[in-house]
1. If I ask for residues that are outside any helix (DSSP H, G or I) and either within 13 Å of ILE153 (Cα to Cα) or hydrophobic (A, V, I, L, M, F, W, C) (or both), which ones from the stretch 34-90 would you list?
2. Take the conditions in contact (Cβ under 8 Å) with a residue 40 or more places away in the chain and of a type in the set (Lys, Arg) and apply them to LYS90. Does it pass?
3. Among all residue pairs at least 6 apart or on different chains, which show Cβ distances below 6 Å where the first residue, located in the stretch 36-63, is over 30 Å from PRO160 (Cα atoms) and the second is among the aromatic types (Phe, Trp, Tyr) and open to solvent by less than 50 Å² (accessible area, probe 1.4 Å)?
4. With respect to LYS111, determine if the residue is within 19 Å of the chain's Cα centre (by Cα), over 30 Å from GLU55 (Cβ atoms), buried (at least 18 other Cβ atoms within 10 Å of the Cβ) and among the charged types (D, E, K, R).
5. Restricting attention to the stretch 170-187, which residues are under 18 Å from SER79 (Cα atoms) and surrounded by fewer than 22 Cβ atoms within 10 Å (Cβ to Cβ)?
Amino acid sequence: MNRAVLALAVLLPTLVLAAEPAATAKAAPKDSKFLVDYLTQTQKDFLKSIDGLSEAQWKFKPAPDRWSVAEVAEHIALSEEMFAENITGKVLKTPAATAEQKAKTQGLEEKILQGIPDRTNKHKAPEKLQPASKFASAKEAAKAFNTKREAIITLVKGTPESELRSHVSGPSPMGELDAYQWMLFTAAHSKRHIAQIEEVKADPNFPKK
């Protein structure tokens, strides 16, 4: 398992607790269309959040210990690469899940959708996912992100849902996830940090242009 994925699993356990009240055994399962729509919508939201920014806006930091839009965008792009590699290189290559494994993944979609985007609890990103000025512009960050996000969307569209549900691997904040849930987690993670970008842009000192 990718060390950065493992580190995220250690850092984000409180997100599960935040989602616990709404996640029940009766929660309706999500289908492939829902997953594609969610991946596509969060993709659009991310691109919109960084579109048309000046260099001053791109690099503005609300405080020395807070990330700029550029740094958050880099984190999102790096995470997207990590999750894509984890899904294709690890999760989908695991043997078919046992009935016991599948049973443990039931109902986790709602926990992912509600818990991961919730920014009530904040954590330091693993070193591998820390921004290091890898992208000189929003255009470069968007290109890197899109390459991986489009690959995931294409994979969902071309893979039977039953196949995505048949491969289970961990760790994650809520234990082992099937490939479908890992893809949902990926989109939810980007949604979490899109909100962070909007927080930066809402700062009263954010440059007007």
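1. Answer for the stretch 34-90, where residues must be outside any helix (DSSP H, G or I) and either within 13 Å of ILE153 (Cα to Cα) or hydrophobic (A, V, I, L, M, F, W, C) (or both): LEU53, PHE60, ALA63, TRP67.
2. Considered against the rule, which asks whether it is in contact (Cβ under 8 Å) with a residue 40 or more places away in the chain and of a type in the set (Lys, Arg), LYS90 comes out as yes.
3. Final answer for the pair search is PHE60/PHE206.
4. So LYS111 fits the description; yes.
5. GLY170, PRO171, listed by residue number.
The values are calculated or read from the model by the stated rules, or taken from the named source; none is laboratory data. Bear in mind that the values here come from a model prediction, so they are computed numbers and not experimental data. Please note: Cβ atoms are built from the backbone with ideal geometry, for glycine as well, and neighbour counts cover all protein chains shown. Ligands, DNA and RNA are excluded from the accessible area calculation, which covers all protein heavy atoms including side chains. Shrake-Rupley method; radii C 1.70, N 1.55, O 1.52, S 1.80 Å.
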